[in-house]
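Beneath this line is the structure, given in structure tokens, with notes to follow.
No lab work stands behind these numbers, since they all come straight from the coordinates. All figures in this text were calculated on a predicted structure; none of them were measured in a lab. FYI the Cβ positions are ideal-geometry reconstructions off the backbone, even for glycines, and counts take in every protein chain you see.
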Amino acid sequence: MPSSVPTIAELMARCTRSAVHLEMRDHYAVAAEADDFRVWLETGRLDTDPGSPDWAPWVALVSQAVARGVAVRRARIVSEPVSDYIRYEHASTTVNLQAGEDVRWLPRREASHIPLPGNDFWLFDSQTIRWGYFSGDGAMAGHEICDEPAVAKLCADAFDAVWSRAIPHQHYRFH
């Protein structure tokens with residue numbers, strides 16, 4: 001990842017109104033989660049302690065942004081029946097909620113009529129996009145920043161369309 005791409009923490013710190021994240025993959029092979037995911041698959045045990053070393057930095061980042069008045073929302077488009085990874089992600093979302101994020105889930109079949117960008121993204125203040133690129137097996141392949149107004153509008157419109165159809169976390173029951 002080039003050093004010229006600001007981190008999510010840097011972008012969140014500059015954010016004043018909204019930070020939205022659209023996730024569209026059914027599996028992420030995030031290196032930092034590999035051991036937790038394996039343990040969860042084998043035992044069902046999962047770290048949902050917002051103060052744990054793995055979660056505390058994220059919880060602090062989101063909590064501080066929310067305290068400044070930033071609306072932090074995450075929408076996930078998922079295939080059903082869901083993958084093991086999505087079940088793992090769903091189980092850990094309680095920490096995102098405790099941090100102050102609002103999270104919704106949209107079954108993929110409900111997204112068919114929504115024009116979507118080709119990659120996951122964060123959109124900060126409806127202006128700055130941080131693309132997340134992943135390999136075919138779900139490993140992180142890099143990031144890129146874009147601030148083109150037309151592309152930011154595409155992302156904002158896509159997120160809003162997903163959000164309006166998506167199911168709040170506490171009500172989503174996967175198949």
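Here are a few things to note about the model shown:
- Bridge orientation summary for region 8-171: considering DSSP beta bridges with both residues in this region, about 60 percent are antiparallel.
- For Val103, residues with placed amide H under 5 Å, excluding near neighbours: Arg74, His169
- Packing, as the average of other Cβ atoms within 10 Å across residues, places the peptides 64-74, 33-43 in the order 64-74, 33-43, highest first.
- Cut-off 13 Å between beta-carbons: net charge of the residues surrounding Arg74, Lys and Arg +1, Asp and Glu -1: -2
- Surface/4 estimate of mean projected area, convex hull on alpha-carbon atoms of region 66-149, nm²: 6.9 nm²
- For region 62-81 versus region 127-150, the gap between their alpha-carbon centres in whole angstrom: 17 Å
- Applying the Karplus relation 6.51 cos²θ - 1.76 cosθ + 1.60 with θ = phi - 60° to region 39-53 yields 3J(HN,Hα) values of 4, 4, 4, 7, 10, x, 7, 8, 7, 10, 8, x, x, 5, x Hz, where x marks Gly and Pro.
- For region 105-111, backbone phi angles converted through the Karplus equation (6.51, -1.76, 1.60; θ = phi - 60°) give residue-by-residue couplings of 10, 10, x, 3, 5, 7, 9 Hz, Gly and Pro being listed as x.
- 3J(HN,Hα) couplings calculated from phi for region 80-96 with the Karplus curve 6.51 cos²θ - 1.76 cosθ + 1.60 (θ = phi - 60°) are, in sequence order, 10, x, 6, 6, 4, 4, 5, 4, 4, 5, 4, 5, 8, 5, 4, 6, 4 Hz; Gly and Pro show x.
- The chain: calculated mean residue ellipticity at 222 nm from DSSP helix runs of at least 4, using -39500 (n - 2.57): -11000 deg cm²/dmol
- Cβ-defined net charge surrounding Asp102, 13 Å radius [Lys, Arg +1; Asp, Glu -1]: +3
- Using a Förster distance of 35 Å, the FRET efficiency for Glu110-Ser63 (Cβ separation, nearest 0.05): 0.70
- Fraction of C-alpha pairs exceeding 19 angstrom in the chain: 59 percent, rounded to a whole number.
- DSSP-loop trypsin sites (Lys or Arg not before Pro) across region 101-175, with at most 13 other Cβ within 10 angstrom: Arg173
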